[in-house]
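Nothing in this text is a laboratory measurement; each read-out follows from the coordinates by a stated rule. Treat the numbers as computed from the prediction; the structure is a model and nothing was measured. When we count neighbours, we look across all protein chains shown, and the Cβ atoms used for this are built from the backbone with ideal geometry, even at glycine.
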Amino acid sequence: MFTELFTLHSLGTLAILVGLELILGIDNVLMINLMAGKLPAHQQARVVKIGLGLALVLRLLMLLGVGYLLKLTNPVIGSFAVKDLILLVGGAFLIYKAVTEIHHTVEHPIEKTATGTKIISATATSVVIQMVALDAVFSLDSIITAVGLTPQLPIIIVAVIVSFLGVLWAAMPIGRFIQDNPALKVLCLAFLVSIGGSLILEACHQHVSKGYLYGPMGFALIIEMLQMRQSKNIKAHKP
């Protein structure tokens with residue numbers, strides 16, 4: 001069995017799956033920073049590691065129960081399957097969280113208590129639960145897609161673990177950079193609104209190509225980075 005994992009076809013499939021999981025990782029990194037940003041700075045790194053670790057365990061368990069996951073595509077309410085209902089609820093929740101955070105960031109950019117400390121509006125436990133739940137929603141469709149590409153679970157498991165390490169490596173540096181740049185934070189939250197909308201459309205059987213989402217997102221990110229660079233240069237040249 002293991003010799004089949006090192007054939008040219010298997011390695012090509014592994015590369016495709018890693019790419020798909022890393023695309024999913026973009027969603028996860030933005031979502032993680034939305035959740036962890038509500039915690040005190042000294043808790044964020046630990047909570048991110050715990051949340052991602054539990055999400056990885058849940059994703060591997062979902063792979064082991066992939067036969068049950070495939071049954072979730074059978075209609076139960078009209079044309080809606082259980083998978084569609086999960087995507088619908090997950091997308092709506094993600095839009096709600098992102099829109100709420102946009103309003104909070106724009107209307108209350110600086111929040112301090114009477115003692116001058118920042119107000120914290122979330123607990124570590126609630127953040128971990130939300131991270132794991134949303135990761136499960138993101139993973140559901142990708143796992144079903146992965147099983148459609150290859151029946152070899154070891155290849156899918158390796159792809160999931162590799163992408164997990166990539167997300168774990170990138171989550172905190174990207175999170176700190178986003179938190180230090182409020183305009184970029186609002187842009188990332190707007191991305192999450194789009195991702196939530198795509199989940200709802202998927203639940204309604206309207207497939208949205210990732211290219212249509214990430215293309216405009218990447219363009220907007222480049223424009224924002226150029227504006228940040230311009231502002232930095234203007235400040236540097238002021239007498």
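Express in whole angstrom the spacing between the alpha-carbon centres of region 86-100 and region 209-239.
Answer, in whole Å: 26.
Taking the Cβ of L165 as the center, what net charge do the other residues with Cβ under 14 Å away carry, scoring Lys and Arg +1 and Asp and Glu -1? Can you show the working numbers first?
Details: positive: K49, R59; negative: E21.
So the surrounding residues net to +1.
Kindly give the semi-axes, whole Å and largest first, of the ellipsoid equivalent to the chain, taking each as the square root of 5 times a Cα gyration tensor eigenvalue. Could you put the intermediate results ahead of the total?
Working: eigenvalues 226, 87, 69 Å².
Working from the Cα gyration tensor, I get semi-axes of 34, 21, 19 Å.
Of R46, R176, R229, which is the most mobile in a GNM of the chain whose springs link Cα atoms less than 10 angstrom apart?
Top of the fluctuation ranking is R229.
Among F177, L149, S209, whose Cα projects farthest towards the positive end of the dipole of the chain, with charges put on the beta-carbon of Lys, Arg (+1) and Asp, Glu (-1)?
F177
Explain nothing, just the number: relative contact order of the chain, from Cα pairs under 8 Å at least 6 residues apart, as a whole percent. Before the final figure, lay out the partial values.
Details: 211 pairs, mean separation 88.2, N = 239.
With pairs under 8 Å counted, the relative contact order is 37 percent.
Quick check: net charge around A45, other residues with Cβ under 15 Å of its Cβ, Lys/Arg +1 and Asp/Glu -1? Mind showing how you got there, number by number?
Values: positive: K38, R46, K49, R176; negative: none.
Taking every Cβ under 15 Å from that of A45, the sum is +4.
What does the charge count around G65 come to, taking other residues whose C-beta lies under 14 Å from its C-beta (Lys +1, Arg +1, Asp -1, Glu -1)? Walk me through the intermediate numbers first.
Working: positive: R59, K71, K83; negative: none.
For residues surrounding G65, the net value is +3.
If R0 is 41 Å, what FRET efficiency do you get for L85 and S231 from their C-beta distance, rounded to 0.05?
Numbers: r = 45 Å, r/R0 = 1.09.
Calculated value: 0.35.
Just to confirm my numbers, what's the Cα centroid distance between region 39-59 and region 174-194 in Å?
A separation of 19 Å, based on Cα centres.
For the chain, what does the helix formula give at 222 nm: sum of -39500 (n - 2.57) over DSSP H segments with n ≥ 4, over the residue count, nearest 500 deg cm²/dmol?
Values: 8 runs with 188 residues, N = 239.
After summing the helix terms and dividing by the residues of the chain, the value is -27500 deg cm²/dmol.
When the chain is treated as a GNM, springs tying every alpha-carbon pair under 10 Å, which of G53, G211, G65 comes out with the largest mean-square fluctuation?
Looking only at G53, G211, G65, the largest GNM fluctuation is found for G211.
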